[in-house]
Structure formats: structure tokens, C-alpha cells
Amino acid sequence: MNPCTLCPHLCGVFRSKGETGFCGIGETPMVSSVGPHFGEESVLVGTGGSGTVFFAGCNLGCVFCQNFDISHERHGRPMTVEQLAQSMLELQNAGCVNINFVTPTHVIAAIAAAIELARKKGLTLPTVYNTGGYDSVETLRLIEGFIDIYMPDMKYADAEIGEELSAVPDYPAVNFAAVKEMHRQAGDLKTERGVATQGLLVRHLVLPENLAGSFEILDFLAEEISPSTTVNVMAQYHPCYKAASGPKINRRPTSEEIQSVREYAIEKGLNVLL
């Protein structure tokens, strides 16, 4: 973190001195909310909900961000490592089935320290790394053993689209390498009584006009990760934040666009969540 090379932006700022880079967050994580969440994939929810910790700030600049008040405007409150660890234990005591770190990439150093502390105090739940997918392989290797379930987005297969829509021109190369490392660490998704305990779960949001490069991403998963990869083909895109003014993304994908991606994923033999 000092100078910061946690994510592929390699901003090089000294966060301990209050400097901030692309993510806009200093040394102390900013948390927007903590609590049980029942809107995640069913394998993450179970009966007690997913114990989510939403972090403010982000290392992506998505023009269609649905959580822009958290990611871009950075609404939240500072939390120390000790407070994060205590929050995890409280979520466990509340009956949650996992601890789900939402947008963790830029604050993973504090998260890892908090996981270590919480485990010493009795945390036994699986941990979920719920990320936009712009992650450094080097950083992922440093946190091996801290994360049980990796849940990355795979947003784009085209670098130009990644730059235009999320301000990251190298997104596909970085994302594909990160997903390979996540799978190396955690393997295919494993469940017990319908609840995920370990492994890789990929989220892919279908965009209009195949801007996301959906078919190329599914080919990569089936051919270079595992034909048993679990993938959630997501249909909830709608133009928000700045997307309404973008002629390419100012509409929802059609039912035909969504269905064609789902059918292709099934044809490739992937484990498609319904």
C-alpha cells in the first residue's frame, strides 16, 4: 500500500500519508453498510443470508455503475481492522452463511488483517471475494488462504470497450489472468446442502449489442478455466449513472440477447445458475 501497488492501476501513492489514487480511498477502509443480504445468488444466501460488507470506493470507473453513490461518491464510514473483524463475528452470530466482501480489491490488505484477527476470535464462515474483476495476480497470491470463494465479474472481452465504459484499457488481459489465479487457488465451486463453501463463481452481465463480448468470455471459461465453471449470466443491466447519455448502452439488453448468451453457456457445458 505504500507506495500502493495493490491493484493493476499501480498508482504508487502513499496511502499511510493520506494520499489517494484511482480508488479514492486512503489507508483506512470506508464501509457503506454491513448486514445479512438475501439478494445474492442462492448458493450464497442459504437460510441466514450472505453477510455482506460493502466497501466504498472502487478501482473501476464504470459509467453504468448501479452503486455509484458507494463506488464513485464513496459514501461510507471509516472502519479499523479491529472493527472489521468484530463486524464479521457479529454477522456469524446473526446466522449468516458466509462473509461477503463487496468491492474489496483496493482495501484487501486491511481485509486480510481483519480475517486473520477474526479467525483467531472464532470466525469459521467461508469468505467471499466479490470483485469487479480488475485484480492483480500478485496481490491475489498474497491473499491465498484468506479467501474461500472467489466471485469476480467478467465484464469485457474487448480492451477498447473496457476503456470506454470502465476507464481500464487493459481489463480483458488483467481479468482473464486474475480469474485463472482465482481458480488455481479455489477450484470449481463446491456446495454443501445447497450453500457454497469454496471455489470460483463467475458473474457476467449481459450488455446491449454484445458489448461485453459474452461469447468470448464463455469460451475462455470453458476452454481455459474449467468446463465445470459456475457462471451467473446476469440480465439486470439497465442504464443508470451516466449510461443514459451513451448511445451504445442507453437501453436494456433484449430478451433475445440475454437468452442467446445463456444458451451458449449451456452449450459450452458450463454450470449456469438459474
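Any read-out appearing in this document is the output of simple, stated calculations on the displayed coordinates, not a laboratory observation. Since the model is a prediction, treat every value here as computed from it, not as a measurement. Glycine gets a Cβ as well: all are built from the backbone with ideal geometry, and neighbour counts include every protein chain shown.
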Of the stretch 63-80, those with amide N under 20 Å from the point 7 Å along the Cα→Cβ vector of SER16 are 79-80
So ASP170 and GLU82, fully extended at 0.36 nm per residue minus their Cα-Cα distance, gain in nm 28.2 nm
Rounded to 0.05, the calculated FRET efficiency for the beta carbons of HIS238 and LYS180 at R₀ = 41 Å is 0.85
Plugging the Cβ-Cβ distance of LEU274 and ASN2 into 1/(1 + (r/R0)^6) at R0 = 35 Å yields, to the nearest 0.05, a FRET efficiency of 0.20
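Against the 2.2 N^0.38 Å scaling, with N counting residues, where does the stretch 29-272 land? I'd like the Cα-based Rg ratio to two decimal places.
0.97
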Nearest-0.05 FRET efficiency for GLU160 and GLU138 at R0 = 35 Å, using Cβ-Cβ distance, is 0.85
quick shape note, the stretch 136-225: Cα extents on principal axes in Å, largest first -> 38, 29, 21
Using alpha carbon centers only, the stretch 142-220 is separated from the stretch 84-119 by a whole-angstrom value of 21 Å
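Where Lys and Arg each count +1 and Asp and Glu each count -1, what net charge lies around LEU165 among other residues with Cβ under 15 Å from its Cβ? Kindly include the intermediate steps, with their values, before the conclusion.
Numbers: positive: LYS155, LYS242, LYS248, ARG251; negative: ASP153, ASP158, GLU160, GLU163, GLU164, ASP170, GLU209.
Taking every Cβ under 15 Å from that of LEU165, the sum is -3.
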In a Gaussian network model of the chain with springs linking alpha carbons closer than 10 Å, the residue among GLY76, GLY18, GLY46 that fluctuates most is GLY18
Expected max-MSF residue from CYS96, CYS62, CYS11 in the GNM of the chain (alpha carbon, under 10 Å) is CYS11
Over the stretch 1-126, the quotient of the Cα radius of gyration and 2.2 N^0.38 Å is 1.06
Per the helix-only model, the chain has a calculated mean residue ellipticity at 222 nm (DSSP H runs of ≥4, -39500 (n - 2.57) each, divided over all residues, rounded to the nearest 500) of -9000 deg cm²/dmol
Surpassing 25 Å at the alpha-carbon level, of the pairs LYS121/LYS180; LYS155/LYS268; LYS155/LYS242; LYS121/LYS155, are LYS121/LYS180; LYS121/LYS155
